[in-house]
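Enquirer: Got a structure here, written out as structure tokens. Questions coming.
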Amino acid sequence: MSYITKGKAVLFLSLALALAVTVWASPAGAVTIDELLAQIAQLQAQLLQLQGGAGAGAGATACSFTRSLYLGVSGADVKCLQQYLNGAGYTVAATGVGSAGNETMYYGGLTKAAVAKWQAANGVAPAVGYFGSISQAKYSAVAGTTGGTTGGGVVTPPAAGGLSVGLASDTPAARTIVAGAANMSFGKWSFTAGSGEVTVTTMKFTRSGISSDAELGSGYLYDADSGEYIAQYTGLGSGVLSFTNSSGLFKVAAGATKRVELRVDVASGASNNHTMAWGLNAAADVVSNATSVSGTFPSSSNAMTFVTVTDPTIATLTRVVITTGSSVNAGTTGYLAGSFTLASAGSAVLLDRIVLTQNGSLLSATDLANIKLVTTGGQQLGQVLPALGSDGKGTFVMSPAYEVPAGQTIQVNVYADVLGGVNRTLILNVLNLRDIHARDKTYNVGVNVSGTITMTTTTIAAGTLTITLNPSSPTGNIALGQTNLTVAKFKVTSYGEQVKVLYVPFRIVMTGAADDMTTEIDNIYLVDDAGNQIGSTITAPSANTDTTGTWDDTETTNPDATFGTSSSNLNYLIPANTTRVWSLRLDLLTTSTATDLAANLQAGTDNYQGQISLVSTGDTTAVTANTLTIASNVFQVKQNTAVGAGNLVKGQSGARIGSFVMSASSAEGINVSTLTLTSSTTFPFANLMVKINGVQFGDIKGSTAASTAYTFSGSSPALIAAGSSITVDVYADILSTATNVGSYWYIDVQGASAVGATTATSQTLKNTAGTTISSSVVVKGQNYTINVTGGTLTITVDSASPAAYQSVMGKTSQTLGIFRFAGSSVSDTNITDLTVFNISTSTGDPTNAKSNFSNLQWYKGGVAVAPVIISGTASTENALNSLVTYGYKYAFHFTSPIVVPQNGNASLELRGDVADFASGGAQSNSTNNFRIESPADVTALSSGGSLAVGVSGPDHTSGIQAATITVLRTKLTVTAPTGLVTTTNHPRSADDVIAYFDFTADPANSVIINTVSLKRAGATLPTLTIILIDADTGSAWGSTPAAGQIIADPDSVFEADVSTSGTSTVIFRPAYTLSSGATKRVKVKADTSTLTATSGSTNGSVLQLYLGNTTKGEATTPSGVISCEHPDSLCNALGWNDGTSGSINLEAKGLPIYAPSIGY
């Protein structure tokens, strides 16, 4: 294309672009903003193609790619790809745009097609024209790469001491920018230092594209990673944008990379369709202290295209400063330090970042804290800044951006804690337009605020002092005789400056105290948590107070209740912004008659002073402390209500015969040195012992007598902590001569000697009524009944014991039964011996039944209890059930008795192993019942004694017997799978599958399935012909006639000698051998065409089949009648053979087995 022709095309597209924008701006236009933006982008891409310079010639070009390329993207890497394709024989275009020498930076349809051809030729799939990581890897393999293309982001490694410069891989792609947009990113460059730190002092960017210097409003450098501002441009002329700072624009650490971003404000008068790019044209454009600057130059950004808009116009953001307070006391928190409004117009505005600068005289980094921006609606903008930087700056980042809707105004309030800065000023500003990062929501371009913002100047006034009651100030009880007693704690905080406290007035109020307070308290002093005493100790209060029970700072008779005075100052200093805890302490005399005490601070007048402002700022406030109770009953004893009346057994050792609780008030702890107990008038005990909190206290009194006091002295005092208690338990051995005198108390507390743990003053033991304990006022122990018999142990089968089940030979740890033992009301019961029988029967000769089980062991709570009985002993004892003449006996002796709690229960599980088939120790189809036969089979004694415990439950004839366990060589299980048959609106059919059953053999051995009893449930239905089908082969199952069998509703009378088809049960005889571990699925078919289908609101027939035992089972078949042997006999649901025994049924607990109910 000639230069003139090319120029005309450029002009034509420029006019087209302008026309597109004009149409966009027309209110009558039918297209949307998004559609026009797409058209503009397409026209700009074509414009870029026409503006593209001559590329490499016919040879292939080496490129570097750091991103995926696809339809619609632009950049130098696209142009390099086109040059490569043209040179490698995959022509982008034969002539014109995209042809050799006319490559562009736009990835259009021609480029996509050429890439697809190249992909197909080089085995890249899918060959669809998307140039991603797979294609780029193939490109590297067949063409190789080189660094330094302007769009590739490759940085040449620097020489030692040098600096390497290159365009960053994430530099912005070419795009449309609305005229008047602010803070727009044009390009990003990477600076990599060699072996030494590099300081860059100057950068010069050269403009390219169809534009002028006048179309640039301003230029900035930012850290491309942190987003922090670096510098504003220092010069612009002849297309060169300069940034210079002799102290350094930025530094690059040795061996590190610094990424720098160029942002530009586009002038509002920028022309439609003008383009602008900025680049570092040569190494000389980067001035630094590096020994050399390397890179591929020119290193230019992508070209941005300007466009003007009118409907809507680019957004504007107008600020107005709101006046706030001009003075604040140092130490004020949450102070409104400034306020301004932001009003959007044209379009909604998104706020991304606000940078505030404090340039008043206070110290920004230390005098302000917790700075935050909050709208009047309560929305916080960005994070809370703990402090400003030493340069006074603080950056608030909104993520996500905060939206100011078009035509609306928000008010932004700045709050901060003023920690100090007395006599200084606080001024918050938005110093530069760039300090508010905002975007037009419609066009996604930056907009500048209308001007800088200078908020109200605030003068920091004098600091303050606050005094409040500390949360840890004492509560509860105090005791007479306590010294150095803390009676109140106060939290004292200085704000804004160091504060000097001049004096501290206080007041002591004691209810019931005398006028002479010297008999109540003394040695009053004030200390802080830093270890400092505040003022001097007041050794004694006023001897004649103006008000009875109150001593304050205005007494007629000295001394006053004050530390320091207005004329004799304390000069106690608290650093700025520091909290101290003051503790008021005193001695509470044993002569005090008061019942309570409160130590309060009085209000002060001009009693503290700021050390910077030098102003007596005032008056401390009055603070009321907690009223403390002076305990009159600090040492107390009572019966332990956690231990109630109980049962004892004669001969019992170490029986607890009483339990008490001794307590101390919260005033102080108590050390108990002796305890005196008195025995009752009847006392059949020996070896009397006391334990305090489980530890023996004092000696054991071996021989004892009735109505006698016994004193126990511990080797060391027993401490009762302040506000706590101890448990005193009394134990003794019960004599074998003891008799049952009914419920009776046997021990009481008569006294104790103790002293205060802090004051060491003697303490008086009292009861809960406050009466002193003595020989005439005692606290009795609990009532106990001494039993002379051991009570009764009741045995039953536990509800958790398994129902009757089948067990396969060789199985281990089978549950044979679970028995429940209910303890007696007398005491815990110790079971020492337990005998259990297995009543084993055989369908052949019962007298030759085998034991079947070995390795029997009892379990309690899932834990095994010894011993293990390996094998049972054959027994023909007459005690066995009269219907059974043979069994096996297993006798257990427990060296550690099994304990059944008094009035409680214990469940014992018996487990054992089934003998395997090969050993011959088990008999197939034998039944086994484990039982406790008679009371003689259980030996139990009372806990702690030697009394025999009676046994209730087994009685020789019936025994306590667990459910039947049938031992088999193998086992057959049957299930009815669901989901295989439609259960609602089931279609009628002459060949209808109405059920499935799965038959599974245990891995122990194969089974032979002889008969299957199939029954019908539900309402009356027409006669059906049932067929069993092998689901694998599709043939009739086993020997069952293929014609099937008839199932109908039963006759009212069943006649054994009549061949009737009127029965709800049919019996099949498959005689099918099922291999060990195998599963056979059988489906049931029937002709259901005669059944009724659902119609409208009228329900159709319902059919459900199941496997179950039956007493009526026969059907007329082509080969004769199949029926039970006798009309009154029970036919098995399933008759099968385990290889040793026949006529085996399914496990009873699993019957019946229902197939899903079908509705037609």
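Rule-based calculations on the coordinates, nothing more; no lab input. What you see is a predicted model; the values in this text were computed from it and never measured. Virtual Cβ from ideal backbone geometry, glycine too; neighbours counted across all protein chains shown.
Enquirer: Quick check for me: using +1 on Lys/Arg Cβ and -1 on Asp/Glu Cβ, what's the dipole size of the stretch 635-787 about its Cα centre, in debye to the nearest 20?
Expert: Charge dipole of the stretch 635-787: 180 debye, to the nearest 20.
Enquirer: Between Leu614 and Asp916, what is the label-to-label distance in nm when each label sits 7 Å out along the Cα-to-Cβ direction?
Expert: 10.5
Enquirer: Then there is this: What value in Å³ per residue do you get for the convex hull of the alpha-carbon atoms in the chain?
Expert: About 373 Å³ per residue, rounded to a whole number.
Enquirer: In nanometres, what is the gap between the two model label sites at Arg319 and Thr764, each 7 Å from Cα along Cα-to-Cβ?
Expert: 7.9
Enquirer: Calculate, for Asn289 and Thr409, the FRET efficiency according to 1/(1 + (r/R0)^6) with r their C-beta to C-beta distance and R0 41 Å; round to the nearest 0.05.
Expert: In this case the efficiency is close to 0.25.
Enquirer: Go through 593-602, 982-991, 893-902 and give me the packing order, highest mean Cβ count within 10 Å leading.
Expert: 593-602, 893-902, 982-991
Enquirer: While we're on this one: Any idea what diffusion coefficient the stretch 635-787 gets from Stokes-Einstein, in µm²/s, Kirkwood Rh on alpha carbon pairs, 37 °C, 0.692 mPa s? Walk me through the numbers before you get to the answer.
Expert: Values: Rh = 15.6 Å.
This corresponds to a translational diffusion coefficient of 211 µm²/s.
Enquirer: Can you list the residues, at least 5 places off or on another chain, whose amide H is less than 5 Å from the amide H of Gly166, using H built in the peptide plane?
Expert: For Gly166, the qualifying residues are Ser190.
Enquirer: Applying a 10 Å radius around every beta-carbon, put 418-427, 236-245 in order of their mean neighbour count, most first.
Expert: 418-427, 236-245
Enquirer: Sticking with this structure for a sec: Return, ordered by residue number, the residues of the stretch 588-630 whose backbone nitrogen is under 14 Å from a label point located 7 Å along Cα→Cβ of Ser361.
Expert: Residues passing the 14 Å test: 613.
Enquirer: Taking the Cα centre of the chain as the origin and placing charges on Cβ (Lys, Arg +1; Asp, Glu -1), which of Thr761, Ser1097, Val320 is farthest toward the positive end of the dipole?
Expert: Val320
Enquirer: Setting aside same-chain residues fewer than 8 positions from Lys258, which aspartates and glutamates have a Cα under 20 Å from its Cα?
Expert: Asp170, Glu197, Asp223, Asp225, Glu228, Asp285
Enquirer: Turning to a different aspect of this structure: Using helices alone, what [θ] at 222 nm do you get for the chain, with -39,500 (n - 2.57) per DSSP H run of 4 or more residues, divided over all residues and rounded to the nearest 500? Walk me through the numbers before you get to the answer.
Expert: Working: 6 runs with 83 residues, N = 1160.
Taken over the chain, the calculation gives -2500 deg cm²/dmol.
Enquirer: I'd like the FRET efficiency for Ile700 and Val868, computed as 1/(1 + (r/R0)^6) with the beta carbon distance as r and R0 of 41 Å, rounded to 0.05.
Expert: Calculated value: 0.50.
Enquirer: Under the 0.36 nm per residue contour assumption, what length would be gained going from the current alpha-carbon distance of Asp606 and Asn370 to full extension?
Expert: 81.9 nm
Enquirer: Extension gain Gln380-Thr772, at 0.36 nm per residue separation less the Cα-Cα distance, in nm?
Expert: Contour length minus Cα-Cα distance gives 134.5 nm.
Enquirer: Set Lys and Arg Cβ to +1 and Asp and Glu Cβ to -1, take the dipole of the chain about its Cα centre, and tell me which of Ile534, Ala1148, Thr984 lies farthest positive.
Expert: Thr984
Enquirer: What is the sum of charges, Lys and Arg at +1 and Asp and Glu at -1, for the other residues whose Cβ falls under 15 Å from the Cβ of Arg820?
Expert: Details: positive: Lys860, Arg931; negative: Asp798, Glu909.
Overall, the nearby charge balance is 0.
Enquirer: Here's something else I'd like to know. Given the options Leu941, Ser799, Thr812, identify the residue whose Cα lies farthest towards the positive end of the charge dipole of the stretch 792-968 (+1 on Cβ of Lys, Arg; -1 on Cβ of Asp, Glu).
Expert: Working it through, the farthest residue towards the positive pole turns out to be Thr812.
Enquirer: Run down the lysines and flag those whose C-alpha is under 29 Å from the C-alpha of Lys1083, throwing out any fewer than 8 positions away in its chain.
Expert: Correct list for Lys1083: Lys971, Lys1015, Lys1112, Lys1149.
Enquirer: Next question. For Ser743 and Thr895, what is the calculated FRET efficiency with R₀ set at 25 Å and r taken between the beta-carbons, to the nearest 0.05? Could you put the intermediate results ahead of the total?
Expert: Details: r = 35 Å, r/R0 = 1.42.
It comes out at approximately 0.10.
Enquirer: Okay, moving on. Mind checking the full-extension length gain between Asn693 and Ser1097? Use 0.36 nm per residue of separation minus the Cα-Cα distance, one decimal, nm. Could the numbers behind the result be given before it?
Expert: Values: separation 404, 0.36 × 404 = 145.44 nm, distance 7.71 nm.
Full extension of this stretch gives 137.7 nm more.
Enquirer: Something else: Indicate the gyration tensor shape class of the stretch 163-307 (rounded, prolate or oblate), computed on the Cα atoms with a ≥ b ≥ c the square roots of the eigenvalues: a/c under 1.5 is rounded; otherwise a/b larger than b/c is prolate and the rest oblate.
Expert: Judged from the Cα gyration tensor, the stretch 163-307 comes out prolate (a/c at least 1.5, a/b above b/c).
Enquirer: Shifting gears a bit: Along each of the three principal axes of the Cα atoms of the stretch 530-627, give the extent in whole Å, ordering the values from largest to smallest.
Expert: Its Cα atoms span 48, 28, 22 Å along the three principal axes.
Enquirer: Scan around Ala915 for amide H atoms under 5 Å from its own, H built in the peptide plane at 1.01 Å from N, and keep only partners 5 or more places away or cross-chain.
Expert: Residues meeting the criterion, in which the H sits 1.01 Å from N, are Gly810, Phe853, Ser854.
Enquirer: Between Leu719 and Asp225, what is the label-to-label distance in nm when each label sits 7 Å out along the Cα-to-Cβ direction?
Expert: 5.8
Enquirer: So if I place +1 on the C-beta of Lys and Arg and -1 on the C-beta of Asp and Glu, and nothing else carries charge, what would the dipole magnitude of the chain be about its Cα centre? I want it in debye, nearest 20. Spell out each step's value before the answer.
Expert: Working: 55 positive and 70 negative charges, 582 e Å.
Charge dipole of the chain: 2800 debye, to the nearest 20.
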